[in-house]
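Below is one structure, written out as structure tokens; comments come after it.
Only the coordinates and a few stated rules stand behind these numbers; no lab work does. Computed from a predicted model, the values in this text were never measured in an experiment. Quick reminder, even Gly has a Cβ in these numbers, built from the backbone with ideal geometry, and neighbours come from all protein chains shown.
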Amino acid sequence: MVGPKGEQVGIVRIEDALRLAQDAELDLVEVAPNSRPPVVKLMDYGKFKYEAAVKAREARRNQANTEIKEMRFRLKIDEHDYETKKGHVVRFLKGGDKVKITIMFRGREQSRPEMGRRLLMKLAEEVQEFAVVENAPNQEGRNMSLVLGPLKKKAEAKEEQRKVREERKAAEAAAREERKAPHQDAEPVAEESAAE
């Protein structure tokens, strides 16, 4: 038997253990039923379950799930549209998510898969400081796709974004205080001139 503070009580008869638990207003919980003799512990079982649930919830909150975001391109994409979509891809990668880039072929474009492969590899080269190519370009019917994985893990990316947000808030608060400070000095002067 193990006591409420983790101390070893020793081998105790079941009736004595139940009486001790009743006297202490605690629960008698079987910790290791398969050992000889079985190990029991005096504890507040409701409090134990609550603390276990809080720990599990905290672990889930800190867990970061990597998502696969998808960005679709056309073979004849305009330069501005390409840059905009590339910006989205970079944002996803900085956030720690994988990105699947798909090029959709229409009609006679299907006879030129090398152009699609060239466009995918161009994009992969331009975002190589944020990503690594996980799946090389491959044709899937009318589409060709490429998967980019982020260099940073999702949890690291979230932590970095949180730090940036905190720094920005601190800078904004300092700027607000700085704007307030000159007005406070100017008010007493105005009151003195009004009194004169």
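Placing unit charges on the Cβ atoms only, positive for Lys and Arg and negative for Asp and Glu, gives the chain a dipole magnitude near 1660 debye about its Cα centre. In plain terms, the chain from Arg36 to Glu177 could stretch by 43.9 nm, reckoned as 0.36 nm per residue minus the Cα-Cα distance. With the helix formula -39500 (n - 2.57) applied to DSSP H stretches of n ≥ 4, the chain reaches a computed 222 nm mean residue ellipticity of -17500 deg cm²/dmol.
Summary of packing: across the peptides 83-95, 155-167, the per-residue average of other C-beta atoms within 10 Å ranks them, highest first, as 83-95, 155-167. I'd like the FRET efficiency for Arg74 and Lys153, computed as 1/(1 + (r/R0)^6) with the beta carbon distance as r and R0 of 30 Å, rounded to 0.05. Efficiency for this residue pair is about 0.40. The residue list Ala131, Pro37, Val2 was ranked by how far each Cα lies along the charge dipole of region 1-139 toward its positive end, using unit charges on Cβ atoms, and Ala131 comes out on top. In a simple Cβ point-charge model (Lys, Arg +1; Asp, Glu -1; nothing else charged), region 26-140 has a dipole of about 200 debye relative to its Cα centre. Between (1) -0.45, -0.54, -1.13; (2) -0.69, -0.72, -1.09; (3) -0.35, -0.43, -1.21, which matches log10 I(q)/I(0) by the Debye sum over Cα atoms at q = 0.09, 0.10, 0.17 Å⁻¹ calculated for the structure shown? Read-out from the structure maps to (2). Between the residues Leu18, Gly46, Ala59, the greatest Cα displacement towards the positive end of the dipole of region 14-62, with unit charges on the Cβ of Lys, Arg, Asp and Glu, is found for Ala59.
About its Cα centre, what dipole magnitude does region 1-93 give when the only charges are +1 on Lys and Arg Cβ and -1 on Asp and Glu Cβ, stated in debye to the nearest 20? Present the calculation step by step, with values, prior to reporting the outcome.
Details: 18 positive and 16 negative charges, 105 e Å.
Dipole size: approximately 500 debye.
Extension gain for Lys100-Asp27 works out to 20.9 nm (0.36 nm per residue, less the C-alpha to C-alpha distance). Site pair Met121 and Glu51 shows an inter-label distance of 6.0 nm when each label is modelled 7 Å from Cα along Cα→Cβ.
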